[in-house]
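K.L.:
Please see the structure below; I have some questions.
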Amino acid sequence: MHDFKKLLVWQKAHSLAVHVDRAVRSIRNPERASLRNQIVRSAGSIPANIVEGRSQRSEADFRRFLGYSLASAAELEYHLILARDVGVVSEQKFNALVGQLIEVRRMLHGLVTKLTPTPSTKL
């Protein structure tokens, strides 16, 4: 089993999930509870899928779970946009969180690229 905690992308994704949780904790409006929950769930899903993928037997399976992390990152971005636009997350919090999210997404893309086999060239 590989130690996921050594992966910088997991460390950054975990940090993002913690920051997201803290940022939306102040959303108390019962009408926005489902939005708050979706934000927290999608943020937590990013590092959770990295962990689950890291425990797989093959790089192809790991790559698949990294894809799930990327999908959760896209979902989180939308939920943050919605939270900003309905006024439950400030522009400042939004910008900080999206900045972290972009960094995590770039790292995930880089890792997926690194794990993607290159086709052998035939002469």
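K.L.:
Output the residue which, of all residues in the range 38-53 that are over 11 Å from the mean Cα position of the chain (by Cα) and open to solvent by less than 80 Å² (accessible area, probe 1.4 Å), is farthest from Val88 (Cα to Cα). Can you show your working first?
P.N.:
The initial filter retains those residues of the range 38-53 that are over 11 Å from the mean Cα position of the chain (by Cα), namely 38, 51-53.
Now drop any that are not open to solvent by less than 80 Å² (accessible area, probe 1.4 Å), which leaves 38, 51, 53.
Values: Gln38: 14, Val51: 30, Gly53: 33 Å.
Checked the range 38-53; the qualifying residue farthest from Val88 (Cα to Cα) is Gly53.
K.L.:
Enumerate the helices (runs of 4 or more DSSP H) found wholly within the range 32-123, keeping only those where 3 or more residues are among the hydroxyl-bearing types (Ser, Thr, Tyr).
P.N.:
33-54, 59-85
K.L.:
Of all residues in the range 1-42, count the ones that are more than 15 Å from Leu80 (Cβ to Cβ) and of a type in the set (D, E, K, R).
P.N.:
Number satisfying all stated conditions: 6.
K.L.:
Restricting attention to the range 2-37, which residues are closer than 20 Å to Glu75 by Cα and among the small types (Gly, Ala, Ser)?
P.N.:
Across the range 2-37, the qualifying residues are Ala13, Ser15, Ala17, Ala23, Ala33, Ser34.
K.L.:
Sticking with this one: Starting from the range 44-55, keep only residues that are of a type in the set (Asp, Glu), then list their pairs with residues that are open to solvent by 10 Å² or more (accessible area, probe 1.4 Å) whose Cβ atoms are within a distance under 7 Å, requiring at least 6 positions of separation or different chains.
P.N.:
Pairs found: Glu52/Phe65.
K.L.:
Confirm whether Ala96 is closer than 15 Å to Ser15 by Cα, open to solvent by less than 90 Å² (accessible area, probe 1.4 Å) and over 13 Å from the mean Cα position of the chain (by Cα).
P.N.:
Here the answer is yes, as Ala96 does meet what is asked.
K.L.:
Of everything in the range 1-31, what is under 19 Å from Leu66 (Cα atoms) and outside any helix (DSSP H, G or I)? Give them in sequence order.
P.N.:
Met1, His2, Asp3, Leu7
K.L.:
Right, next: Leu8 - would you say it is modelled with pLDDT of 95 or more and either under 11 Å from the mean Cα position of the chain (by Cα) or open to solvent by less than 50 Å² (accessible area, probe 1.4 Å) (or both)? First the steps, then the outcome.
P.N.:
Details: modelled with pLDDT of 95 or more: yes; either under 11 Å from the mean Cα position of the chain (by Cα) or open to solvent by less than 50 Å² (accessible area, probe 1.4 Å) (or both): no.
No; evaluated as a whole, the condition is false for this residue.
K.L.:
Then there's this: Working only within the range 68-93, note down all residues that are in contact with a Ser or Thr (Cβ under 8 Å, 6 or more places away or on another chain), closer than 25 Å to Gly53 by Cβ and open to solvent by 50 Å² or more (accessible area, probe 1.4 Å).
P.N.:
Hits for the range 68-93 are Tyr68, Glu75.
The values are calculated or read from the model by the stated rules, or taken from the named source; none is laboratory data. On a predicted model such as this, the values are computed, not experimentally measured, just so you know. Positions of Cβ are generated from backbone atoms using ideal geometry, with glycine treated the same way; all protein chains shown enter the neighbour counts. Please note that ligands, DNA and RNA were not included when accessible areas were found on the heavy atoms of the full protein model with its side chains. Shrake-Rupley method; radii C 1.70, N 1.55, O 1.52, S 1.80 Å.
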